[in-house]
């Protein structure tokens, strides 16, 4: 279905029912994206493509890109193939993205999805956490959610506003209270940084929920998100304090997921043809011995 036909279908459904189109389904409700998104989306996607291609080129020079025959890469692409059909619910433009999935040979515990649907996993996140397919889907769904919700553009717009306000506050402090301009600039910069951290934590929390919704619709158990962050916490005991981190603490993420689990478990059950009231327990895999 084309983007315009999909929009028309949602609009018709909303008109018939008298409710927002996203209220017709269970799962995590779709909300409007921030109006503070800065820059042109096409330009953001083009820049992301250039950065992604440059990253791959450098990794190829170091023989750090998995080949198409790599079992883990085949696995990742199979999981992505199940998630991608549900992305247009969160961003209609995603139906026209040129999705790409690659695996980088590195011990780094990380993954990302750039604007336009360019996904990369580091092998370390698969091996060090011994992830099940459900847990991989939660990681991938989370990273895809950042691209779908255009968090990069939102962060750019918010940072521009925050930096501008901070500079004004610093100047006023210098003019009216006799504060050393250099101190005013430093304080203003600190305030801007703390605000940016808050924005980033909010983006991370939203991506957790959107990713959980995507995974459930694709038939992956959303309870895997709990196991994932329990594993993350176990291998990263020296994580920074939540208030000063760009990410929520593992426990904050687990609490938020549990709070919204009632919304996504019926979606998962429907995708699997199961009774939502009689779902079997979720079983994870033990962490590798260090």
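The values are calculated or read from the model by the stated rules, or taken from the named source; none is laboratory data. Keep in mind the model is a prediction, meaning the values are calculated, not measured. Cβ placement follows ideal geometry from the backbone for every residue including glycine, while neighbour counts extend to all protein chains displayed.
Below, the figures for the structure above:
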quantity	calculated
Matching entry among 205, 284 (being surrounded by fewer than 23 Cβ atoms within 10 Å (Cβ to Cβ) and at pLDDT below 95)	205
Candidates 273, 219, filtered to the one that is loosely packed, with under 11 Cβ neighbours inside 10 Å and modelled with pLDDT of 95 or more	273
Residues of segment 43-80 classified as exposed (fewer than 13 other Cβ atoms within 10 Å of the Cβ) and not in a helix (DSSP H, G or I), total	5
Some residue of segment 81-93 being without any contact (Cβ under 8 Å) to a residue 40 or more places away in the chain, more than 22 Å from residue 269 (Cα to Cα) and surrounded by fewer than 18 Cβ atoms within 10 Å (Cβ to Cβ)	no
Restricting segment 132-149 to residues that are surrounded by fewer than 22 Cβ atoms within 10 Å (Cβ to Cβ) and out of contact with any strand residue (DSSP E or B) (no Cβ under 7 Å at 6 or more places or on another chain), the residue that is farthest from residue 84 (Cα to Cα)	132
Conditions (1) in contact with a helix residue (DSSP H, G or I) (Cβ under 6 Å, 6 or more places away or on another chain); (2) at pLDDT 85 or above: number failed by residue 195	(2)
Residue pairs meeting the criteria (Cβ under 6 Å; at least 6 apart or on separate chains; first on the phi < 0 side of the Ramachandran plot, in segment 106-117; second part of a loop (DSSP other than H, G, I, E, B))	none
Residue match in segment 81-94 (condition: assigned to a loop (DSSP other than H, G, I, E, B) and under 17 Å from the mean Cα position of the chain (by Cα))	yes
Contacts under 7 angstrom Cβ, first residue in segment 259-286 being touching a residue at least 60 places away in the same chain (Cβ under 8 Å), partner exposed (fewer than 15 other Cβ atoms within 10 Å of the Cβ) and part of a helix (DSSP H, G or I), 6 or more apart	266/276
